[in-house]
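Accompanying notes for the structure given below.
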Amino acid sequence: MVKTDVAIIGSGPAGATTALDLARMGIDTILIEKESFPRFHIGESLTGEAGKLLRSLGLEERMEAAGHPVKRGVKVYGPDGKNSFWVPVVKVADGVRSESTTWQVRRSDFDTMLLEAAEAAGVRRLRGEALAPIVRDDGQVTGVTVALDDGSEETIDAKVLVDASGMKSFLNRAGVTGDKERGAYDKQIAVFAHVSGATRDPGDERDNTIIFYQQANHWAWFIPIDDETVSVGVVVPAAYFRECNETKHEFLTREFKELNSELAKRLAHAEIAIEPMATANYSYHIREFTGPGFACVGDAHRFIDPVFSFGVHFGLHEGRKLADAIRRHLEAGAPDGVNPFLEFQSYAENGQDVIQDLLDAFWLEPWGFAHAVHQAHRDEIIDLFAGRIYDLDGEPGGLAAIRTLAQRGRTRRMEQAAVAG
Ligand code: FAD
């Protein structure tokens with residue numbers, strides 16, 4: 001049996017950030033990861049606030065040395081490339097907004113950098129797959145069993161077990177958390193690849209994210225991840241993908257030409273450089289994801305929809321907040337049987353709720369959304385896109401407008417579903 005203060009399952013952005021912060025606070029931490037790094041992962045565009053958090057972790061130099069493309073904003077093209085809107089990366093300092101930058105990342109490199117930073121800070125890395133949590137009769141989680149890469153099995157005795165296993169939702173599958181509800185965007189599939197030879201926008205716009213909209217729930221992303229390579233993905237209803245009856249390669253090749261003329265223009269001479277992959281039914285929500293001796297962070301408890309590139313942002317911010325909650329819990333020596341992570345849980349939920357509302361307004365009320373972004377509440381909504389979604393001072397007018405639109409859209413969606421039986 002190995003003893004530690006904190007055991008973390010999964011070394012994606014959420015797990016590695018939690019581990020890095022804990023180790024810097026001097027808290028003994030073990031990070032369990034089943035994949036050998038570097039490993040492929042989708043999710044390559046960062047928000048402005050994710051960039052800021054990486055700088056505050058002292059990782060700016062490493063990000064620059066790695067040559068990750070600098071992102072200045074996101075351009076969104078409407079159907080057939082007719083209209084577009086531009087969302088710059090904007091920072092706020094002393095109440096003044098100014099344009100800023102963040103990064104696009106090749107996740108194999110980025111995730112490895114975070115893992116190495118955590119190890120350098122003193123985190124113990126365990127190569128293996130977490131098998132089952134150890135849960136006492138009173139519900140207190142006290143550790144986890146792990147199948148190590150060398151074929152042996154290890155039992156970890158931990159004061160806190162963190163589930164950062166991403167979409168695997170380890171503690172939910174083990175029956176420790178509340179139920180996993182299907183999210184509003186769960187009937188989607190994303191088919192994606194890296195391409196070479198794409199035509200990039202000129203000058204400073206070369207490395208920005210571009211989103212191409214065809215119709216509700218049918219869109220594509222274009223994310224440059226190095227000088228040569230662009231990540232391109234097409235998201236559609238899963239039923240539509242099945243009806244197409246194509247291989248992923250055939251599907252992408254055709255969608256690249258048909259989805260949006262602006263996408264077709266950029267990919268006219270591009271070649272698919274890796275075997276296309278797909279992820280389906282990825283939208284879910286676990287409401288009770290903390291408890292005595294455990295907490296979930298990042299994708300392990302919720303995934304909404306990737307269109308606004310918030311997954312890594314959630315992982316990084318929740319990871320930092322959770323590390324602080326764990327420190328306070330360990331220092332206070334709270335008794336067993338109580339949930340010391342309720343404040344962290346509300347923080348994470350409130351942040352994700354803001355983006356859920358932004359998404360619902362975008363998909364369900366596109367005209368009202370466009371008016372709010374372009375005219376009525378531009379600055380405040382750009383703040384939300386940048387990721388200033390935590391610990392808000394009241395409800396800014398832009399967010400209130402987004403929430404009204406989102407609620408109206410959800411009500412109509414429910415009425416339509418009721419009529420359709
Ligand atoms: P992960 O990064 O998934 O890490 C979980 C880790 O846990 C993995 O390394 C896994 O090997 C390990 N693990 C799992 N089970 C076990 C186990 N039993 N034992 C040991 N290890 C285990 N986000 C963005 O920010 N920008 C984007 O542009 C973006 N685009 C996306 C596009 C699509 C189609 C999808 C599906 C997602 C996208 N995301 C994007 C979201 C982003 O990929 C995730 O939100 C992010 O990776 C979550 O980080 P995480 O640390 O929670 O989980």
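Points to keep in mind about this one:
- Förster radius 35 Å - calculated FRET efficiency between Q407 and E288, Cβ distance, rounded to 0.05: 0.90
- Computed helical MRE - 222 nm, the chain, DSSP H runs ≥ 4 contributing -39500 (n - 2.57), nearest 500: -11000 deg cm²/dmol
- The range 239-294, accessible surface, carbon-and-sulfur percent (1.4 angstrom probe): 49
- Relative contact order for the range 365-420, counting Cα pairs under 8 Å that sit 6 or more residues apart, in percent: 41
- Straight Cα distances below 29 angstrom link K168 to the lysines K3, K34, K52, K159, K180, K187, K248, K321, with same-chain residues fewer than 8 positions distant left out.
- Rough spin-label spacing in nm, given labels placed 7 Å along Cα→Cβ, for D94 and D179: 5.3
- Considering only the chain, percent of DSSP beta bridges that pair antiparallel, nearest 5: 70
- Rounded to 0.05, the FRET efficiency of the E415 and D186 pair, given R0 = 22 Å and the Cβ-Cβ distance, is 0.65.
- A full extension of the chain between S108 and H269 corresponds to an added length of 55.4 nm, given 0.36 nm per residue minus the alpha carbon distance.
- Top of D109, D157, D336 by mean-square fluctuation, Gaussian network on the chain, Cα under 10 Å: D336
- Cut-off 20 Å, label 7 Å out along Cα→Cβ of S36, residues of the range 80-123 by amide N: 107-117, 119
- Using the average count of surrounding beta-carbon atoms within 10 Å as a protection proxy, the listed peptides 214-220, 8-14, 81-87 rank, highest first, as 8-14, 214-220, 81-87.
- Note on the range 5-32 and the range 95-131: Cα centroid distance 11 Å, given to the nearest whole angstrom.
- With 0.36 nm allotted per residue and the present C-alpha distance subtracted, the D393-M1 stretch has 136.5 nm of extension available.
- Note on D201 and I134: their simple-model spin labels are 5.3 nm apart, each label 7 Å out from Cα toward Cβ.
- Solvent-accessible area per residue for the chain (1.4 angstrom probe, square angstrom): 43
- Partner lysines for K82 [C-alpha distance under 22 Å; skip if fewer than 8 residues away on the same chain]: K257, K265
- Ranked from largest to smallest solvent-accessible area, with a 1.4 Å probe on the protein heavy atoms, V135, V76 come out as V135, V76.
- Extension gain from A332 to A376, taking 0.36 nm per residue of separation minus the Cα-Cα distance: 11.2 nm
- Mean separation of Cα contacts under 8 Å (6+ apart) over length of the chain, as relative contact order %: 20
- Alpha-carbon centroid distance for the pair the range 319-391 / the range 282-315, whole angstrom: 11
- Residues listed by number, the range 1-15, amide nitrogen under 13 Å from S152 label point at 7 Å toward C-beta: 1-2
- Gyration tensor (Cα) of the chain, equivalent ellipsoid semi-axes in angstrom: 35, 24, 22
- Efficiency of FRET from Cβ geometry, M167 and T145, R₀ 22 Å, rounded to 0.05: 0.55
- Note on exposure: E262, E318, E288 ranked by accessible area (1.4 Å probe, complete protein assembly) read E288, E262, E318, with the most exposed listed first.
The values are calculated or read from the model by the stated rules, or taken from the named source; none is laboratory data. Keep in mind the model is a prediction, meaning the values are calculated, not measured. Counting neighbours? That spans all protein chains shown, and the Cβs are built from the backbone with ideal geometry, glycine included. Accessible surface areas use protein heavy atoms only, side chains included; no ligands, DNA or RNA. Shrake-Rupley method; radii C 1.70, N 1.55, O 1.52, S 1.80 Å.
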